[in-house]
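Please read the structure below before turning to the comments.
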Amino acid sequence: MNARWKRYLCKSLLVTFTIVVGAIWVQARTSSVADEAAIRKHLSGYADARRTGDGHAQSLFFTDDADEWGLSPRMRVSFRQACVTAVERA
């Protein structure tokens, strides 16, 4: 293999590597931005529900078998409907 062919092969591999890494980085960055926006939207909705004291809106952020600690001292609420009742009562 002559020197010209080796240089061509090295340059080709470098360009290919750069393109692949760049494409992976762009994809990861795009996913990261979309994920961050979705998380911020979710947390904002939860904060609004907590601030307004809307028990039903708060309960939508939990599964049916959720546990909530801290609604009041030493109080543990289980299940979504109980969360609604406890928040509206508090």
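Every number in this text was worked out from the coordinates using simple rules, so none of it is lab data. Model, not experiment: these values are computed from the prediction. Please note: Cβ atoms are built from the backbone with ideal geometry, for glycine as well, and neighbour counts cover all protein chains shown.
Grab the beta carbon distance between ALA38 and ARG89, set R0 = 25 Å, and tell me the FRET efficiency rounded to 0.05.
Computed FRET efficiency for ALA38 and ARG89: 0.20.
Using a basic spin-label model with each label point 7 Å from the Cα along Cα→Cβ, how many nm lie between LYS11 and HIS56?
6.9
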